[in-house]
1. Defining a contact as two alpha carbons under 8 Å apart and six or more residues distant in sequence, what relative contact order in percent does the chain show?
2. Assuming R0 = 30 Å, what is the FRET efficiency of ARG37 and HIS6, from their Cβ-Cβ distance, to the nearest 0.05?
3. Step through the residues of the range 21-30 one at a time and calculate ³J(HN,Hα) from phi using the Karplus curve (6.51 cos²θ - 1.76 cosθ + 1.60, θ = phi - 60°), rounding each to whole Hz and writing x for Gly and Pro.
4. Could you compute how fast the chain diffuses translationally, taking Rh as the Kirkwood radius over C-alpha pairs and applying Stokes-Einstein at 10 °C with viscosity 1.306 mPa s? Give it in µm² per second.
5. Run the dipole for the chain about the Cα centre, Lys and Arg Cβ at +1, Asp and Glu Cβ at -1, nothing else charged, and hand back the magnitude in debye, nearest 20.
Amino acid sequence: MNPLDHAKVYLGLGWSLIPIVPETKKPPILWGEFQTRRATLSEIEEWITKGWYLAVVTGDISGVLVVD
């Protein structure tokens, strides 16, 4: 599967995605809004075309809890 196919699966799970810069793991955008809204497929396609990776916003928006 390519990155967009993976993103579609993640969106189908209800996960909120944000872009991160490869090797830095830092978002190239202000991502606070994605704690309350999910990115559109169009936004995600744009991020992938820029060569950015995707990360999952954890918490209520995605229903994902991470314990470190």
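Quick note: the coordinates plus some simple rules give every number you see, no bench work behind them. Since we're looking at a predicted model, the values are computed, not measured. Neighbour counts are summed over all protein chains in view; Cβ atoms, including those assigned to glycine, are modelled from backbone coordinates with ideal geometry.
1. Normalised by residue count, the contact order of the chain is 39 percent.
2. 0.90
3. For the range 21-30, the Karplus curve yields 7, x, 6, 9, 6, 10, x, x, 10, 6 Hz.
4. 131
5. Computed about the Cα centre, the dipole is about 20 debye.
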